[in-house]
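**Student:** Here it is, the structure in full.
The values are calculated or read from the model by the stated rules, or taken from the named source; none is laboratory data. From a predicted model like this one, the values you see are computed outputs, not experimental measurements. Here the Cβ positions follow ideal geometry from the backbone for every residue, glycine too, while neighbour counts run over all protein chains shown. Keep in mind that these areas ignore ligands, DNA and RNA; they rest on the heavy atoms of the full protein, side chains included. Shrake-Rupley method; radii C 1.70, N 1.55, O 1.52, S 1.80 Å.
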Amino acid sequence: MAEARAASLVVYVVDDDASIRDSLALMLGLGGYATRLFADAESFLAAFDADWAGCVIADLRLPGMSGVELQARVRSRGSAIPFVIITAHGDVPAARAAFRAQAVDFIEKPFEEAQLRSAIDTAFALERHRKDASELRQADAEKLSRLTLREREVLEHAVRGLHAKEIAALLGISPRTVEVHRTRIMEKLEVRNIAELVRFAVAAER
(Lines give C-alpha, C1' and ligand atoms only; values in the text may rest on other atoms or scores of the structure.)
Protein backbone atom coordinates (compact mmCIF):
# COMPACT_ATOMS: atom_id res chain seq x y z
CA MET A 1 0.00 0.00 0.00
CA ALA A 2 2.85 2.36 0.76
CA GLU A 3 4.06 2.10 -2.84
CA ALA A 4 0.60 3.09 -4.12
CA ARG A 5 0.72 6.23 -2.04
CA ALA A 6 4.03 7.40 -3.44
CA ALA A 7 4.71 11.10 -3.04
CA SER A 8 4.50 11.63 -6.81
CA LEU A 9 0.86 10.47 -6.87
CA VAL A 10 -1.75 12.96 -5.70
CA VAL A 11 -5.51 12.74 -5.21
CA TYR A 12 -7.08 15.86 -6.75
CA VAL A 13 -10.49 16.51 -5.21
CA VAL A 14 -12.94 18.67 -7.18
CA ASP A 15 -16.15 19.35 -5.22
CA ASP A 16 -18.10 22.55 -4.63
CA ASP A 17 -19.12 21.45 -1.12
CA ALA A 18 -16.45 22.70 1.29
CA SER A 19 -17.44 20.19 3.96
CA ILE A 20 -16.98 17.31 1.48
CA ARG A 21 -13.60 18.65 0.41
CA ASP A 22 -12.44 19.01 3.99
CA SER A 23 -13.68 15.59 5.07
CA LEU A 24 -12.06 13.91 2.09
CA ALA A 25 -8.79 15.74 2.71
CA LEU A 26 -8.83 14.61 6.36
CA MET A 27 -9.76 11.02 5.56
CA LEU A 28 -7.25 10.66 2.75
CA GLY A 29 -4.52 12.50 4.65
CA LEU A 30 -4.89 10.11 7.57
CA GLY A 31 -4.64 7.26 5.06
CA GLY A 32 -1.32 8.55 3.73
CA TYR A 33 -2.56 10.09 0.49
CA ALA A 34 -1.40 13.51 -0.72
CA THR A 35 -4.31 15.74 -1.79
CA ARG A 36 -5.08 18.98 -3.59
CA LEU A 37 -8.51 20.55 -3.37
CA PHE A 38 -10.58 22.53 -5.89
CA ALA A 39 -14.07 24.03 -5.60
CA ASP A 40 -14.95 23.73 -9.30
CA ALA A 41 -13.79 22.36 -12.62
CA GLU A 42 -12.68 25.73 -13.91
CA SER A 43 -10.21 26.32 -11.06
CA PHE A 44 -8.87 22.80 -11.52
CA LEU A 45 -8.30 23.38 -15.25
CA ALA A 46 -6.64 26.72 -14.58
CA ALA A 47 -4.06 24.99 -12.39
CA PHE A 48 -3.89 21.73 -14.32
CA ASP A 49 -0.57 20.42 -15.63
CA ALA A 50 -0.45 17.48 -18.05
CA ASP A 51 2.40 16.02 -15.97
CA TRP A 52 0.16 15.61 -12.92
CA ALA A 53 -0.10 11.98 -11.80
CA GLY A 54 -2.46 10.26 -9.38
CA CYS A 55 -6.21 10.53 -9.79
CA VAL A 56 -9.05 13.04 -9.81
CA ILE A 57 -12.10 12.66 -7.58
CA ALA A 58 -14.72 14.89 -9.17
CA ASP A 59 -18.33 15.50 -8.20
CA LEU A 60 -20.75 14.83 -11.04
CA ARG A 61 -22.70 18.05 -10.44
CA LEU A 62 -20.46 21.07 -10.15
CA PRO A 63 -21.21 24.76 -10.71
CA GLY A 64 -20.47 25.29 -14.38
CA MET A 65 -18.71 22.33 -15.92
CA SER A 66 -19.73 18.87 -14.62
CA GLY A 67 -17.33 16.22 -13.42
CA VAL A 68 -17.80 14.18 -16.60
CA GLU A 69 -17.29 17.29 -18.75
CA LEU A 70 -14.12 18.03 -16.77
CA GLN A 71 -12.90 14.51 -17.48
CA ALA A 72 -13.49 15.00 -21.21
CA ARG A 73 -11.69 18.35 -21.14
CA VAL A 74 -8.67 16.82 -19.40
CA ARG A 75 -8.61 14.00 -21.96
CA SER A 76 -8.66 16.57 -24.76
CA ARG A 77 -5.48 18.01 -23.29
CA GLY A 78 -3.76 14.68 -23.76
CA SER A 79 -3.80 13.52 -20.14
CA ALA A 80 -4.87 10.01 -19.15
CA ILE A 81 -4.98 10.74 -15.41
CA PRO A 82 -7.73 8.47 -13.97
CA PHE A 83 -11.03 9.91 -12.75
CA VAL A 84 -13.36 8.74 -10.00
CA ILE A 85 -16.78 10.38 -10.29
CA ILE A 86 -18.78 10.87 -7.08
CA THR A 87 -22.37 12.04 -6.86
CA ALA A 88 -25.44 12.36 -4.67
CA HIS A 89 -27.60 12.18 -7.80
CA GLY A 90 -26.51 8.98 -9.50
CA ASP A 91 -28.35 7.76 -12.56
CA VAL A 92 -27.65 5.24 -15.31
CA PRO A 93 -26.99 7.73 -18.15
CA ALA A 94 -24.55 9.68 -16.01
CA ALA A 95 -22.73 6.53 -14.96
CA ARG A 96 -22.61 5.33 -18.56
CA ALA A 97 -21.16 8.65 -19.70
CA ALA A 98 -18.50 8.49 -16.99
CA PHE A 99 -17.43 4.97 -17.88
CA ARG A 100 -17.42 5.75 -21.59
CA ALA A 101 -14.91 8.45 -20.73
CA GLN A 102 -12.91 5.73 -18.92
CA ALA A 103 -13.67 6.67 -15.34
CA VAL A 104 -12.24 4.19 -12.84
CA ASP A 105 -15.42 4.21 -10.77
CA PHE A 106 -18.76 5.98 -10.30
CA ILE A 107 -19.57 6.22 -6.59
CA GLU A 108 -22.80 7.44 -5.04
CA LYS A 109 -22.81 9.51 -1.83
CA PRO A 110 -22.76 8.65 0.97
CA PHE A 111 -20.01 6.17 0.22
CA GLU A 112 -17.92 3.85 2.33
CA GLU A 113 -14.34 4.92 2.97
CA ALA A 114 -13.12 1.49 1.86
CA GLN A 115 -14.95 1.83 -1.46
CA LEU A 116 -13.31 5.16 -2.20
CA ARG A 117 -9.87 3.95 -1.16
CA SER A 118 -10.26 0.91 -3.39
CA ALA A 119 -11.08 3.13 -6.36
CA ILE A 120 -8.11 5.38 -5.62
CA ASP A 121 -5.73 2.46 -5.31
CA THR A 122 -7.02 1.07 -8.62
CA ALA A 123 -6.38 4.47 -10.20
CA PHE A 124 -2.90 4.65 -8.71
CA ALA A 125 -2.08 1.18 -10.05
CA LEU A 126 -3.10 2.39 -13.51
CA GLU A 127 -0.89 5.45 -13.07
CA ARG A 128 2.12 3.39 -12.05
CA HIS A 129 1.61 1.15 -15.08
CA ARG A 130 1.29 4.19 -17.34
CA LYS A 131 4.42 5.75 -15.86
CA ASP A 132 6.41 2.52 -16.23
CA ALA A 133 5.26 2.13 -19.85
CA SER A 134 6.19 5.75 -20.60
CA GLU A 135 9.65 5.32 -19.09
CA LEU A 136 10.15 2.10 -21.06
CA ARG A 137 9.17 3.82 -24.33
CA GLN A 138 11.59 6.65 -23.56
CA ALA A 139 14.39 4.18 -22.82
CA ASP A 140 13.69 2.33 -26.08
CA ALA A 141 13.70 5.60 -28.02
CA GLU A 142 17.07 6.47 -26.52
CA LYS A 143 18.45 3.08 -27.58
CA LEU A 144 17.15 3.56 -31.13
CA SER A 145 18.81 6.98 -31.29
CA ARG A 146 22.18 5.21 -30.91
CA LEU A 147 21.80 3.53 -34.30
CA THR A 148 23.42 4.93 -37.40
CA LEU A 149 21.38 5.52 -40.54
CA ARG A 150 22.76 2.32 -42.09
CA GLU A 151 21.98 0.33 -38.96
CA ARG A 152 18.41 1.61 -39.06
CA GLU A 153 18.13 0.41 -42.66
CA VAL A 154 19.44 -3.02 -41.73
CA LEU A 155 17.06 -3.17 -38.76
CA GLU A 156 14.09 -2.28 -40.94
CA HIS A 157 14.81 -5.12 -43.34
CA ALA A 158 15.80 -7.60 -40.62
CA VAL A 159 12.50 -7.27 -38.78
CA ARG A 160 10.71 -7.96 -42.08
CA GLY A 161 12.31 -11.38 -41.97
CA LEU A 162 14.92 -10.84 -44.69
CA HIS A 163 18.18 -12.79 -44.52
CA ALA A 164 21.64 -11.23 -44.66
CA LYS A 165 22.09 -11.96 -48.40
CA GLU A 166 18.72 -10.38 -49.22
CA ILE A 167 19.49 -7.28 -47.14
CA ALA A 168 22.94 -7.05 -48.69
CA ALA A 169 21.48 -7.10 -52.20
CA LEU A 170 18.97 -4.38 -51.33
CA LEU A 171 21.55 -2.09 -49.71
CA GLY A 172 24.45 -2.83 -52.07
CA ILE A 173 26.76 -4.14 -49.34
CA SER A 174 28.22 -7.53 -48.51
CA PRO A 175 26.39 -10.14 -46.40
CA ARG A 176 29.32 -10.02 -43.97
CA THR A 177 28.81 -6.28 -43.51
CA VAL A 178 25.10 -6.90 -42.86
CA GLU A 179 26.05 -9.42 -40.16
CA VAL A 180 28.39 -6.88 -38.56
CA HIS A 181 25.67 -4.23 -38.57
CA ARG A 182 23.15 -6.67 -37.11
CA THR A 183 25.52 -7.59 -34.29
CA ARG A 184 26.06 -3.91 -33.46
CA ILE A 185 22.32 -3.26 -33.60
CA MET A 186 21.63 -6.05 -31.12
CA GLU A 187 24.34 -4.71 -28.80
CA LYS A 188 23.00 -1.15 -28.91
CA LEU A 189 19.39 -2.23 -28.40
CA GLU A 190 20.43 -4.72 -25.71
CA VAL A 191 18.63 -7.69 -27.26
CA ARG A 192 19.94 -11.26 -27.37
CA ASN A 193 18.41 -12.71 -30.52
CA ILE A 194 16.34 -11.95 -33.60
CA ALA A 195 13.07 -12.70 -31.81
CA GLU A 196 13.84 -10.04 -29.19
CA LEU A 197 14.94 -7.67 -31.96
CA VAL A 198 11.61 -8.06 -33.74
CA ARG A 199 9.70 -7.61 -30.47
CA PHE A 200 11.68 -4.44 -29.75
CA ALA A 201 10.99 -3.01 -33.21
CA VAL A 202 7.26 -3.79 -33.03
CA ALA A 203 6.97 -2.20 -29.58
CA ALA A 204 8.84 0.91 -30.80
CA GLU A 205 6.28 1.42 -33.56
CA ARG A 206 3.35 1.71 -31.09
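**Student:** If the Cβ limit is 7 Å and pairs must be 6+ apart or interchain, which residue in the range 73-89 that is farther than 14 Å from residue 61 by Cα pairs with which residue that is open to solvent by 50 Å² or more (accessible area, probe 1.4 Å)?
**Tutor:** Pairs that qualify, where the first residue is farther than 14 Å from residue 61 by Cα and the partner is open to solvent by 50 Å² or more (accessible area, probe 1.4 Å), are 77/50; 78/50; 79/50; 80/130; 82/126.
**Student:** Does the range 14-43 hold any residues that are among the charged types (D, E, K, R) and not in a helix (DSSP H, G or I), and which are they?
**Tutor:** Within the range 14-43, the subset among the charged types (D, E, K, R) is 15-17, 21-22, 36, 40, 42.
Selection gives 15, 16, 17, 36, 40.
**Student:** Residue by residue through the range 81-115, note down the ones that are part of a loop (DSSP other than H, G, I, E, B) and in contact with a helix residue (DSSP H, G or I) (Cβ under 6 Å, 6 or more places away or on another chain).
**Tutor:** Those that are part of a loop (DSSP other than H, G, I, E, B) and in contact with a helix residue (DSSP H, G or I) (Cβ under 6 Å, 6 or more places away or on another chain): 82, 101, 104.
**Student:** Determine whether residue 100 is open to solvent by 90 Å² or more (accessible area, probe 1.4 Å) and modelled with pLDDT of 90 or more. Don't jump to the end; show me each part of the working.
**Tutor:** Values: open to solvent by 90 Å² or more (accessible area, probe 1.4 Å): yes; modelled with pLDDT of 90 or more: no.
No: the conditions fail for residue 100.
**Student:** Checking residue 67 against (1) out of contact with any Leu (no Cβ under 6 Å at 6 or more places or on another chain); (2) surrounded by 15 or more Cβ atoms within 10 Å (Cβ to Cβ); (3) closer than 17 Å to residue 11 by Cα, which single condition isn't satisfied?
**Tutor:** (1)
**Student:** Still on this structure: Go through (1) part of a helix (DSSP H, G or I); (2) over 16 Å from the mean Cα position of the chain (by Cα); (3) surrounded by fewer than 19 Cβ atoms within 10 Å (Cβ to Cβ) one by one and return the number of the condition residue 125 breaks.
**Tutor:** (2) is the only condition that residue 125 fails.
**Student:** Here's a follow-up. For residue 25, only one of the following conditions fails: (1) touching a helix residue (DSSP H, G or I) at 6+ places or on another chain (Cβ under 9 Å); (2) over 24 Å from residue 132 (Cβ atoms); (3) surrounded by 15 or more Cβ atoms within 10 Å (Cβ to Cβ). What is its number?
**Tutor:** (1)
**Student:** While we're looking at this one, here's another question. For the structure I just gave you, tell me whether residue 167 is modelled with pLDDT of 85 or more, open to solvent by less than 30 Å² (accessible area, probe 1.4 Å) and out of contact with any Gly (no Cβ under 8 Å at 6 or more places or on another chain). Steps first, please.
**Tutor:** On the way: modelled with pLDDT of 85 or more: yes; open to solvent by less than 30 Å² (accessible area, probe 1.4 Å): yes; out of contact with any Gly (no Cβ under 8 Å at 6 or more places or on another chain): yes.
Yes; evaluated as a whole, the condition is true for this residue.
**Student:** Residue 57 - would you say it is open to solvent by less than 20 Å² (accessible area, probe 1.4 Å), out of contact with any Phe, Trp or Tyr (no Cβ under 6 Å at 6 or more places or on another chain) and more than 21 Å from residue 128 (Cβ to Cβ)? Give the steps one after another, and end with the answer.
**Tutor:** Numbers: open to solvent by less than 20 Å² (accessible area, probe 1.4 Å): yes; out of contact with any Phe, Trp or Tyr (no Cβ under 6 Å at 6 or more places or on another chain): yes; more than 21 Å from residue 128 (Cβ to Cβ): no.
Taking the combined requirement at face value, the residue does not satisfy it.
**Student:** In the range 80-97, which residues are under 15 Å from residue 11 (Cα atoms) and surrounded by 15 or more Cβ atoms within 10 Å (Cβ to Cβ)? Write out each step before concluding.
**Tutor:** Residues of the range 80-97 under 15 Å from residue 11 (Cα atoms): 80-86.
The answer is 81, 82, 83, 84, 85, 86.
**Student:** Here are 133, 139, 164, 204: which of them is over 31 Å from the mean Cα position of the chain (by Cα) and of a type outside the set (Phe, Trp, Tyr)?
**Tutor:** Answer to the selection: 164.
**Student:** Something else about it: (1) closer than 30 Å to residue 13 by Cβ; (2) touching a residue at least 60 places away in the same chain (Cβ under 8 Å): which one isn't true of residue 132, the others all being true?
**Tutor:** (2)
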